[in-house]
Structures are given as C-alpha cells and as structure tokens.
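Okay, so here's the structure we're looking at.
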Amino acid sequence: MMLTPILTLDILISLVLVGLGSVILIRNNRVLSHWAFLIFAFSSASWILSNYFSNDQHLHYGIVLIANRFTLLYPGLALASLMVFVSTLVPASIFIKYPRILLTANLAAFALTLTPWVVAAVHKQGSVYAIDFGGLAAVYFAMLFIDLALIVVVLTKGIRKSKGDDKLRLKMIAWTSLTVLAINFFTNVFLPFFGNLFQLTNLGPLSTAFMVGGLLYSIARYRLFNIRLAIARSIAYLLSFSLIGVIYGALLIAVSSSAFFSNQPLVFQRSEYIAFAIATAFVYPTTKRFFDKVTDKIFYKDAYDTQAFLDELNQALVSSIELEKLLTHCAEVIAKNMKAEYCLFGIEQTAFKGVRIVGTTRKDFSQQDILKARSMTPHLGMSVIVVDYLPAELDKLKQLLVRNGIAVLVRLVPEFSVSRDGVEGLGYIMLGQKRSGNSYTPQDVRLLGTIASELVIAIQNSLHFEEIQRFNITLQQQVNDATRKLRRTNQRLRELDETKDDFISMASHQLRTPLTSVKGYLSLVLEGDAGKLNETQAKMLRQAFSSSQRMVFLITDLLNISRLKTGKFVIETTPVDLSALVQEEVEQLHESAEIKQITLSFTKPAAFPKLMLDETKVRQVIMNYIDNALYYTPVGGKVAVELTEKPATVELRVVDSGIGVPKAEQPHLFTKFYRATNARKARPDGTGLGLFMAKKAITAQGGSIVFSSHEGHGSTFGFVFSKTRLKVPENISAVQHSLTAQIDADVAADKKRQKQPA
C-alpha cells in the first residue's frame with residue numbers, strides 16, 4: 001500500500017492523538033477526564049484511519065464494508081467521550097451526568113452501525129465508496145445530534161460560570177471542538193446522508209488537526225491536564241533527534257557522494273561512519289539543552305520554583321528590620337518571581353507616620369479609590385482578590401482595580417482574621433498584570449495567601465520596632481531633661497554636704513576643748529582631789545564622766561569622718577599591747593555593766609605579742625564594741641570579751657546576749673549613719689557612726705571585721721589582725737622603753753600640778 005499525502009497526514013494526526021491521550025493517562029489514571037480523553041483520542045484516531053480505508057478501492061469489498069461501518073461507529077464513541085470530557089471541566093453545579101437510559105441509548109445506537117440496519121451496503125461512486133443506509137440510520141444520526149447539542153449546552157454554561165484560566169480553557173476547547181464538529185458534520189454527515197455526496201469524506205478527519213492544535217495550546221497556555229512539562233520535554237526530545245538526524249544524514253550524504261570517499265577502502269568508510277556517529281552523540285546534549293530552553297520559554301513563561309521563591313522571600317524578610325527597606329526588598333522578590341509588572345505595598349497609617357506606598361515602582365492612586373477599596377475589601381472574606389475571578393456582583397470593585405492597573409489585591413490580615421467581617425488588617429499587596437499577559441493561576445493565589453501570612457508577622461515586628469525607636473527617642477529626651485535636673489540637684493547637694501562637713505569639723509573642734517576640760521575636772525573630783533564624796537555624789541559624777549566620755553568618742557568619730565572626707569584620716573602606728581588595752585577598756589566600762597546588772601567578762605592572756613597599731617583608733621573601736629554590747633543587752637544578760645592568739649593572727653570578739661540584728665538589715669550595718677530598726681527603738685539617740693568608723697579604722701590598718709548575729713539571740717562583733725603584717729620591728733623596742741618611761745613621768749607631773757591650788 002502506497003503512502004499518499006492524505007494517509008500520511010491521517011497517520012500523523014492519529015499518532016499525536018493517541019500519544020497525547022496516553023501521556024495524559026500515564027500522568028494520572030485515577031481521573032475521569034483523563035480516561036474520557038483517552039477514549040476520545042483512540043476513537044478519533046481509529047475513525048481517521050477507518051475513514052481512509054473505507055474509500056480504498058484496492059481493498060476487498062467485505063473489508064471496505066466493515067471499514068465503512070466502523071467509520072460510523074467511532075464518531076459516536078468520540079462524541080460520547082467528548083461529552084463526558086467537557087462535563088468534567090465545568091463547575092460541579094452544571095456537571096451533566098449521563099442518565100442510564102441515555103447511556104443505554106447511545107450504546108445501542110452506536111452498536112447498530114455494525115449491522116445492515118444502519119449500513120446496508122456500499123457501492124463505488126467515482127473515486128470513493130458510497131454507503132447505502134439502512135432503515136435505522138436516522139436513529140444513529142439523531143443520537144449524534146443529541147450528543148452534539150449536549151456538548152454545546154455544557155460548554156456554553158461552563159464558559160458563563162467559570163473564571164480565569166478555567167474560562168479561557170473552555171473557550172479554546174469550545175472553539176476547536178465546534179470547528180471540527182462543524183466541518184465533519186458538513187463533509188461526513190450532511191453531504192452523504194442528505195446529498196448522497198461522499199467525495200469529501202476524506203477531508204473531514206483532517207480537520208481533527210484543529211482539535212490537536214487547540215489542545216496543545218490549552219496545555220501550554222492554560223495548564224490543561226497539568227502535563228506541560230511532559231509535553232515540553234517530548235517536543236524537546238523530538239526536535240533534538242530530528243535536528244541531529246538531519247545533520248547526521250546531511251554529513252553522510254555529503255561525504256559519501258565525494259569521489260575521495262568512494263575510492264577509500266571499506267574499513268575506512270565504516271570508520272568514518274562511526275566517527276560521525278560519535279561526534280553526533282557528543283553534540284546531542286548541547287542540542288537537547290538548547291531545545292529545553294526554547295520549550296520552557298514557550299510552555300513555562302510564568303513558571304517559578306515555589307520553594308526557591310519562598311526561600312528568597314524568607315531571606316528578604318530577615319534582611320532588615322526597617323519597614324520601608326524590608327517592603328522594598330520583598331516587593332522586588334515577589335515581582336521577579338510572579339513575573340508581575342510591579343509589586344507595591346500599601347501600609348495603613350500609624351501613630352508616627354501616614355499611609356505609605358512602597359515597592360518596585362512609584363504609582364499615585366486616587367485617595368477616593370483607596371477609601372472605596374478599603375471600605376469594600378474587609379467584607380469579602382478572602383485574603384487574595386484577583387480581578388479576573390471577581391463575580392458580577394463585585395463589578396464596582398473590579399472597575400476600581402482595573403482603573404488603577406491592579407490585577408491582584410492581597411489583604412495583609414492575620415490568617416485567623418481573614419474571614420472576620422470588617423477586619424481590614426495592616427494594609428495591602430498590589431500586583432500589576434503579568435508581563436506575559438497570562439492570568440494569575442490558582443497556584444499563584446494559594447502562594448500569595450501563604451506569603452501574606454508571613455508578611456503580616458514581619459510587618460508587625462517592623463512596626464513594633466518603629467514604635468520602640470520613637471519611644472526611645474522620646475525617652476532619651478526625657479532622660480536628658482531628668483539628667484540635667486539631677487545634675488543641678490546633685491551639685492546643690494554637694495554644696496550642702498560640704499557645708500555640713502565644714503560645720504561638723506568646726507563644731508567638733510570647738511566642742512572637743514571644753515569637753516576635755518569637763519572630763520579632766522570630773523576625773524579629779526572622782527579621785528578625791530576636791531574632797532571626799534558620798535556614794536550618791538560619786539555615782540552621779542561617774543554617770544557624768546561616762547556621758548562625757550561618750551561625747552568625746554562621738555566628737556572623735558565626727559572628726560574622723562571629716563578627715564576621711566578631706567583625705568586627712570591618717571593611721572599612726574606604735575607598738576601596742578592589745579591585751580592591756582582591752583583590759584583597760586573593760587575595767588573602765590565595768591561599773592556601767594554592774595549598773596545594768598550585766599555580766600561583763602574578760603580573761604587577759606598570760607602573754608600576748610605587741611603589734612604595730614594606731615592605739616587611739618583601736619581603743620575607740622574596742623570601747624565602741626563593748627559599749628554597744630552593754631547598751632543593747634537586756635538586764636541580766638552577758639557580755640564576753642575574748643582575745644585570742646592564733647598561729648598567724650590575733651582575734652578580738654565581743655559576744656553578747658542582746659537583741660541582735662535582723663537578717664535583712666545586716667548587709668547595711670557598717671554603712672554611715674545606718675542603724676538597725678530594733679536598735680533605733682532601743683536607743684533613739686544613736687548616730688550610726690560607731691560601726692562605720694570601726695570598720696574604717698580596722699581595714700585601714702590591714703585588718704578585717706568579724707560579725708555575726710541572730711535577731712533576739714545576741715551578736716558577735718570583733719576584728720582580726722595578721723601578726724606577720726603588724727609585727728613590731730626589733731630596733732623599736734629600746735626606743736619604746738625609753739619613751740614609755742618619759743611619758744609616765746610627764747603624766748605624774750601633770751597630775752601633781754593639777755592638785756596644787758591655783
């Protein structure tokens with residue numbers, strides 16, 4: 001059988017239909033539309049080939065008769081499967097399911113085509129065969145008309161109810177299908193049945209090429225069947241193989257036709273063929289990559305990698321905390337991946353800034369249009385508003401968006417608030433049309449919804465950052481004002497403090513001289529130099545002497561504080577017998593202890609090393625410790641003074657059974673002018689200077705304070721000195737002995753002079 005041009009075209013169209021149907025079914029064999037399209041493709045391909053053989057006058061009469069009967073069977077199957085296919089593409093509300101009776105009628109009518117009741121016989125009519133129709137041929141053609149009418153109804157309603165790419169897809173299928181059906185109805189139904197004219201029946205099947213073209217266009221442009229990648233790769237492989245085949249064939253023809261090649265041995269010629277084949281194999285990958293790029297540009301103009309898109313956007317979200325920089329970067333990423341003409345962010349007014357429009361370009365929107373959009377969109381219950389998908393009842397919003405060149409409007413609303421009526425959110429994302437002219441797809445809509453949720457969080461963080469920045473600026477101004485006021489107040493306090501220190505220093509010096517005189521005369525009277533005293537007089541004078549002694553110590557503390565302030569607090573060390581010094585202070589306060597009925601005990605060590613100490617300051621510390629212990633210990637209590645020598649240190653402890661110090665107040669006890677709460681109640685006239693000066697005097701000589709207390713169970717105060725650090729140098733001993741004798745002689749002379757009458 002010779003391949004004529006018509007047969008060649010018939011075979012090519014059939015192969016494309018069968019191949020397309022097979023690829024679609026392989027992609028997903030669980031979808032009704034894919035099975036329906038496969039049946040349509042096989043029926044159409046079979047009809048094309050059977051129609052050609054139905055007119056082949058070289059074939060046996062019986063074969064031609066069977067071919068003519070199949071030529072009527074396959075169009076019926078193709079129409080029925082096309083009916084099911086288009087029904088799966090329209091919204092569910094208008095999906096037309098075949099009633100059982102209609103399906104049974106279709107099968108019965110199409111089955112009749114294989115009987116003499118529809119095709120009784122065939123006879124030659126010029127270059128083709130004419131059909132002698134049987135008595136039930138009208139039933140067959142009536143069923144074709146019913147199926148055709150149903151297809152038109154379904155497509156018409158589907159186009160009216162669908163939106164976006166779904167609508168464009170149905171339009172393309174409707175135009176191509178109806179064009180093919182109209183041509184075939186005219187050439188293969190109307191002319192043969194009503195005009196007994198069969199000469200154009202071979203041209204009808206060729207019109208199926210329109211259907212193939214429309215399907216391929218819908219696959220490429222409107223994502224029909226979602227097999228664009230498979231189609232693109234198939235075309236790339238086909239073009240690559242074709243180009244390689246042409247190049248290889250041209251090289252072989254050119255070389256083999258040359259005289260040089262024909263005169264070469266057979267082994268050389270075969271080696272040349274192998275070399276050409278290897279070279280062609282090396283060229284193939286480059287050719288394949290080239291056609292991959294070409295087909296990707298055709299089938300995937302707007303394609304993007306969703307994960308790569310989200311990764312890039314996430315990097316933009318963490319690139320800056322400043323709102324305008326963040327939004328500009330995100331707008332560039334969205335516009336680039338979505339292939340949009342522009343991307344803008346509109347952010348609502350805040351307490352610090354007005355409405356902001358930031359993005360890849362500058363656009364001025366009508367303030368009136370902005371207010372209208374903001375009043376309508378919060379009531380739609382959706383986050384992504386695509387102009388192409390808006391229903392007729394939102395025509396005003398659609399016109400508003402089209403007038404401003406907005407193809408997509410995305411509300412920046414938290415995900416949980418999208419469906420709440422009246423919730424506007426933080427603002428909007430505005431996208432222009434795609435640069436390719438295509439519509440935004442459902443995939444784009446879902447992705448923009450995800451992006452909006454992420455952006456809401458990032459924008460909220462940036463707005464909080466702006467608020468904190470503004471608050472920091474305000475707070476800094478307030479801090480600066482308060483700091484200036486505080487500095488002025490501190491300066492005034494320093495001046496007052498200096499005045500106070502001057503007063504304390506002056507008062508202390510002025511009070512010290514008369515007190516020394518009072519104390520000296522009281523001492524003379526108590527010693528009997530002014531006459532004998534009775535017990536009552538002696539007791540009263542002893543109290544006066546004790547009070548004057550405390551006053552002297554207080555004045556000494558005030559002077560020491562003044563010296564600390566002026567840097568004149570000096571430690572003057574001499575060899576001191578600490579055990580004798582403690583003994584003297586205990587004896588001096590023994591009478592006070594007896595008056596308060598407190599047991600004051602001290603056991604003087606048999607031998608104790610001398611240390612280089614400031615005797616006056618250490619004496620004052622010891623007296624302060626014992627005096628405080630006596631004062632804050634109730635009647636009948638005990639005060640024990642312990643002086644111990646250890647291998648490396650000497651330690652003094654004054655242990656009492658007094659009121660103790662509250663635990664919460666113990667850390668503040670040795671600070672200036674501080675007194676514990678229970679101490680202030682027991683002794684309101686205290687100053688809080690004794691312990692402060694005791695710590696200064698001890699630490700200035702290299703010692704450390706000993707302190708422990710339990711409220712209601714007494715306290716322990718003391719100090720520790722290092723023997724090595726305060727060791728008396730050997731060359732001082734002789735000088736010290738001489739000085740001590742001289743001082744004792746001077747003291748005796750002073751007392752003798754004071755006893756003589758003036």
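The values are calculated or read from the model by the stated rules, or taken from the named source; none is laboratory data. Quick caveat, the model's predicted, so the values are computed rather than measured. Ideal geometry is used to build each Cβ from the backbone, glycine not excepted, and the neighbour counts take in all protein chains shown. Just so you know, the surface numbers come from the protein's heavy atoms only, side chains and all, with ligands and any DNA or RNA stripped out. Shrake-Rupley method; radii C 1.70, N 1.55, O 1.52, S 1.80 Å.
Here are some notes:
- Each peptide in 451-460, 592-601 receives the mean, over its residues, of other Cβ atoms within 10 Å, and ordering these scores from highest gives 451-460, 592-601.
- Ranking Trp117, Trp175, Trp35, Trp47 from most to least accessible surface, computed with a 1.4 Å probe over the protein chains only, gives Trp175, Trp117, Trp35, Trp47.
- Amide H contacts of Gly359: Phe345, each under 5 Å away and 5 or more positions distant or on a separate chain (H built 1.01 Å from N in the peptide plane; Pro and chain starts excluded).
- Gain on full stretching of the segment that runs from Ser517 to Asp311 - 0.36 nm per residue minus C-alpha separation: 64.9 nm
- For the set Arg494, Arg374, Arg487, the ranking by accessible area, highest first and with no ligand, DNA or RNA atoms included, is Arg487, Arg494, Arg374 under a 1.4 Å probe.
- Derived scalar couplings ³J(HN,Hα) [region 623-629; Karplus, 6.51 cos²θ - 1.76 cosθ + 1.60; whole Hz; x for Gly, Pro]: 4, 5, 4, 5, 4, 4, 4
- Packing rank of 60-71, 609-620, 385-396, where each peptide gets the mean count of other beta carbons within 10 Å, highest leading: 609-620, 60-71, 385-396
- Between Gln588 and Thr361, residue separation times 0.36 nm minus the direct Cα-Cα distance comes to 72.1 nm.
- Residues whose amide H lies under 5 Å from that of Val122, counting only those 5 or more places away or on a different chain, are Asp132; hydrogens are built 1.01 Å from N in the peptide plane.
- Listed residue (Thr644, Phe673, Phe719) projecting farthest to the positive dipole end of region 631-735, Cβ model: Phe673
- A crude spin-label estimate for the pair Leu178 and Met551, with each label 7 Å from Cα along the Cβ direction, gives 12.5 nm.
- Under 5 Å, built H, 5+ apart or other chain: amide partners of Phe365: none
- Modelled spin-label separation between Arg494 and Val152, with each label point placed 7 Å from Cα along the Cα-to-Cβ direction: 10.4 nm.
- Backbone geometry of region 67-79 corresponds, through the Karplus equation with coefficients 6.51, -1.76 and 1.60 at θ = phi - 60°, to 3J(HN,Hα) couplings of 4, 5, 5, 5, 5, 8, 5, 5, x, x, 5, 5, 5 Hz, x marking Gly and Pro.
- Site pair Lys325 and Ala142 shows an inter-label distance of 8.0 nm when each label is modelled 7 Å from Cα along Cα→Cβ.
- Within the shell defined by Cβ-Cβ distances under 14 Å, the residues around Glu615 carry a net charge of -2, with Lys and Arg each +1 and Asp and Glu each -1.
- FRET efficiency for Glu651 and Phe465, using Cβ-Cβ distance with R0 set to 56 Å, rounded to 0.05: 0.40
- Gain upon complete extension [Phe608, Ala544; 0.36 nm per residue less C-alpha separation]: 19.6 nm
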